[in-house]
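Below you'll find the structure, written out as structure tokens, and then a few comments.
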Amino acid sequence: MAAELNGPRLEPRAGKARQLVVFLHGYGADGNDLIDIGRAWQGLLPQAAFVSPHAPEPCAQAPVGRQWFPLTFRDPNERWTGVNRAAPILSAFLDAELKRRNLPPSALALVGFSQGTMLALHVGLRRAVAPAAMRAATSPENCSCSASTRSSLDAKYR
């Protein structure tokens with residue numbers, strides 16, 4: 001899967017970028033779905049640039065959306081295979097964005113939602129220099145845990 005990522009970007013509110021926040025959307029969405037979070041955060045992070053790339057593939061289940069990798073739920077290994085296949089594309093994009101802004105790898109923050117969370121954690125935890133921050137968001141219904149654990153998570157975080 002050779003693909004180049006692109007998506008909406010927001011420039012820093014104050015001066016040159018000193019941080020880069022990358023939003024990674026979920027299955028069936030695209031980068032436009034999360035970039036407004038950057039607008040909301042600009043007051044808190046005035047020297048941050050924000051980017052929300054569109055996943056590399058059209059979504060099989062949502063024709064106007066994108067996917068980081070297919071989800072058929074027929075193969076128990078598809079998530080592991082999928083993140084490993086998409087990781088080099090995301091890593092190359094992150095490196096290019098940091099270079100384009102002349103930022104060190106330590107200036108990176110990753111924010112993932114759902115399928116984007118899988119990529120954020122998979123790629124972020126394997127980078128030579130750890131991101132400054134990672135935020136993983138998903139619904140408890142998507143976690144692979146017992147119903148009682150999901151219920152506890154739901155009560156605690158909603």
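The values are calculated or read from the model by the stated rules, or taken from the named source; none is laboratory data. Bear in mind that the values here come from a model prediction, so they are computed numbers and not experimental data. Reconstructed Cβ throughout: ideal geometry from the backbone, glycine too, with neighbour counts over all protein chains shown.
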message: Looking at the range 1-16, can you tell me whether even one residue there is part of a strand (DSSP E or B) and within 12 Å of the chain's Cα centre (by Cα)?
response: no
field: Considering residues of the range 71-95 that are in contact with an Asp or Glu (Cβ under 9 Å, 6 or more places away or on another chain) and in a helix (DSSP H, G or I) only, the residue nearest to Arg127 (Cα to Cα)
entry: Ala92
Filter result (under 14 Å from Leu20 (Cβ atoms), assigned to a helix (DSSP H, G or I) and under 15 Å from the mean Cα position of the chain (by Cα)) within the range 33-53: Ile35, Gly38
message: Being at pLDDT 95 or above and among the hydroxyl-bearing types (Ser, Thr, Tyr) is the requirement here; does Ser91 meet it?
response: yes
query: Among the residues of the range 17-32 satisfying the criterion of being in a loop (DSSP other than H, G, I, E, B) and of a type outside the set (Gly, Ala, Ser), which is surrounded by the most Cβ atoms within 10 Å (Cβ to Cβ)?
result: His25
task: Evaluate the range 60-75: report whether one residue or more is crowded, with 19+ Cβ neighbours inside 10 Å and either touching a residue at least 60 places away in the same chain (Cβ under 8 Å) or hydroxyl-bearing (Ser, Thr, Tyr) (or both).
output: no
query: Do you know which residues across the range 123-141 are assigned to a helix (DSSP H, G or I), crowded, with 20+ Cβ neighbours inside 10 Å and not hydrophobic (A, V, I, L, M, F, W, C)?
result: Gly124
query: When the range 43-53 is examined, which residues are found to be surrounded by 20 or more Cβ atoms within 10 Å (Cβ to Cβ) and not aromatic (Phe, Trp, Tyr)?
result: Ala48, Ala49, Val51, Ser52, Pro53
Selection from the range 99-117 of residues that are out of contact with any Phe, Trp or Tyr (no Cβ under 8 Å at 6 or more places or on another chain), in contact (Cβ under 8 Å) with a residue 12 or more places away in the chain and either over 20 Å from Leu45 (Cα atoms) or not in a strand (DSSP E or B) (or both): Arg101, Leu103, Pro104, Pro105, Ser106, Ala107, Thr117
